[in-house]
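Since the structure comes first, as structure tokens, the remarks are kept for the end.
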Amino acid sequence: MRTPRTARRAALLASGTVLTTLLAVSPAGAADLPVVTATGETAALHDDEAGGNSDADDPAIWRNPADPGRSLVIATAKEGGLRVYGLDARLVQSLPAPQPPAEDDAPGRFNNVDLVSGLRTSAGRADVAVVSDRGGDRLRVYRVDPSRPGGPLTDVTDPAAAPVFSADQTEINDQRTAYGLATWTDRTTGRAYALVSQRERTRLALLELVPAANGTVGYRKIRTLGLPSTFRLPNGTAWSPCLEPGELPQVEGMVVDPATGTLYAGQEDVGIWRLRADLTGKPVLVDKVKEYGVPGTYDEETEECAPGADPGYGGRRLSADVEGLTLFQERDGDGYLLASSQGDNTFALYDREVSEDNEYEGGFRIGAATDALDGVEECDGAAVLNAPLGDRYPRGLLVVQDGRETPAVPDGEGGTRTATGFKFVDLGAVVDAAGM
């Protein structure tokens, strides 16, 4: 069993290992959290016409087994498609999102990405990146081959792939479509799946990835499950998060523990759920956001929610939205569930062991390394890999989306361009600072 985190923190403080990071803390609410800094960052993406409406969202880390130092980070850029980066955070390949079927239809918009190793295809086993295309309500699948001329990714999506949630193009254009995504390979059967959430709804879908003609990959829906949208509070009243009219509290961040087939799903305005990855059984709410139970009134003019008095039923570690779930795996089966607490720019760590009821184990922030290499704010997606990645990251890598990339770039109209990107963080520094 792991040494309690408080004891580990005390030992680290005694050795001086994290004293400097604990002193370099951020604003109130996270004053006891250590701060780490990024070692690299990608070039900023700009969500405007000049930038190709590119908006950083979610990363995945592919480890090159033949040469770990040449591993890749595959990341979504929404309407900007996919980006592939080397461990130096430099661009290796850029792939566009699909064009809309007709002029007035929604364009492709890549939201989340995850990986499957050794997926069975008609052309043999392959490592693939699976992407949720929220614009087209489909999954897209890309074969990973670092030796391929022109770039390591090739689109191998079955052309006959059907929408995940929508009945027709009209529904697709309403954009209640494929949103969050996590992959899972069932160790008992060897079958590979994608778990997909629906935008502005509480529904999750389990899709089996299946081989199709000419080495392409399709999918078939196995089942769906709806998480709650209304919650009974201890005072006997019913509560729902305040959202735009017609919206329900959606899920985006998801990850599956491969050892146990356990899915963790972040319902953005509610908290983190634990459930079986095959979407059977009863979901358990592992932790709640601080705003859980707070009433709100939606203002049509400002398009914002005015919160009421806090009844005190929320959690203490996550500030909505809860985003970017990823899993830090240790060889002995131990490890951590990592979650982005977007509302206060922190990251929370939970015990991976279900037998420990996913106990909270602390957290950290990512601060500025220099004026040019800023910290991380409003993080949307995260990926961690606890494995050696050459000389650059011998203890592994954490990649996170940065929702407010700086320095600001003028837009030519007196404002600044919306800028996002991805930060690369030495995992060893996180382990040392957070006492993992």
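Quick look at the numbers
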quantity	calculated
Positions within the stretch 54-87 being surrounded by fewer than 18 Cβ atoms within 10 Å (Cβ to Cβ) and either part of a loop (DSSP other than H, G, I, E, B) or touching a His at 6+ places or on another chain (Cβ under 6 Å) (or both), in sequence order	Asn64, Pro65, Ala66, Asp67
From the options Arg191, Arg223, residue that is open to solvent by 40 Å² or more (accessible area, probe 1.4 Å), closer than 19 Å to Tyr264 by Cα, over 22 Å from the mean Cα position of the chain (by Cα) and not polar (S, T, N, Q)	Arg223
Test: residue in the stretch 315-328 that is open to solvent by less than 20 Å² (accessible area, probe 1.4 Å), in contact with a helix residue (DSSP H, G or I) (Cβ under 8 Å, 6 or more places away or on another chain), part of a loop (DSSP other than H, G, I, E, B) and closer than 29 Å to Ala43 by Cα	yes
Pairs with Cβ under 9 Å, 6+ apart, first in the stretch 334-348 and within 9 Å of Ser319 (Cα to Cα) and of a type in the set (D, E, K, R), second outside any helix (DSSP H, G or I) and open to solvent by less than 10 Å² (accessible area, probe 1.4 Å)	Asp344/Ala30; Asp344/Leu318
Residue among Glu356, Glu377 that is under 27 Å from Gly293 (Cα atoms) and at pLDDT below 95	Glu356
Strands (runs of 3 or more DSSP E) contained entirely in the stretch 88-157, each with at least 1 residues that are open to solvent by 70 Å² or more (accessible area, probe 1.4 Å) and closer than 22 Å to Asp58 by Cβ	91-95, 110-121, 138-144
Pro249 vs. criteria part of a loop (DSSP other than H, G, I, E, B) and crowded, with 20+ Cβ neighbours inside 10 Å	yes
Filtered residues of the stretch 389-407 (kept if surrounded by fewer than 24 Cβ atoms within 10 Å (Cβ to Cβ) and part of a loop (DSSP other than H, G, I, E, B))	Gly390, Asp391, Arg392, Pro394, Arg395, Gly396, Gly403, Arg404, Thr406, Pro407
Residue that is most open to solvent (accessible area, probe 1.4 Å), among those in the stretch 408-436 that are assigned to a strand (DSSP E or B) and at pLDDT 95 or above	Asp426
Members of the stretch 193-246 that are part of a strand (DSSP E or B) and of a type in the set (Asp, Glu)	Glu208
Within the stretch 347-382, considering residues that are under 15 Å from Phe328 (Cβ atoms), part of a loop (DSSP other than H, G, I, E, B) and acidic (Asp, Glu), the one most open to solvent (accessible area, probe 1.4 Å)	Glu359
Test: residue in the stretch 374-394 that is within 17 Å of the chain's Cα centre (by Cα) and aromatic (Phe, Trp, Tyr)	no
Qualifying positions in the stretch 160-181 - open to solvent by 60 Å² or more (accessible area, probe 1.4 Å) and either charged (D, E, K, R) or out of contact with any strand residue (DSSP E or B) (no Cβ under 9 Å at 6 or more places or on another chain) (or both)	Ala167, Asp168, Thr170, Glu171, Asp174, Arg176
Among (1) under 26 Å from Leu115 (Cβ atoms); (2) touching a Leu at 6+ places or on another chain (Cβ under 7 Å); (3) in contact (Cβ under 8 Å) with a residue 60 or more places away in the chain; (4) not small (Gly, Ala, Ser), the one test that Tyr313 misses	(1)
Filter result for the condition that a residue is touching a Phe, Trp or Tyr at 6+ places or on another chain (Cβ under 9 Å) and on the phi > 0 side of the Ramachandran plot, over Gly261, Gly246, Gly266, Gly253	Gly261
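The values are calculated or read from the model by the stated rules, or taken from the named source; none is laboratory data. Fair warning: this is a prediction, and the values are worked out from it, not measured in the lab. Cβ atoms come from the backbone with ideal geometry, glycine included; neighbour counts cover every protein chain shown. Heads up: the accessible areas ignore ligands, DNA and RNA and are worked out on the full protein's heavy atoms, side chains in. Shrake-Rupley method; radii C 1.70, N 1.55, O 1.52, S 1.80 Å.
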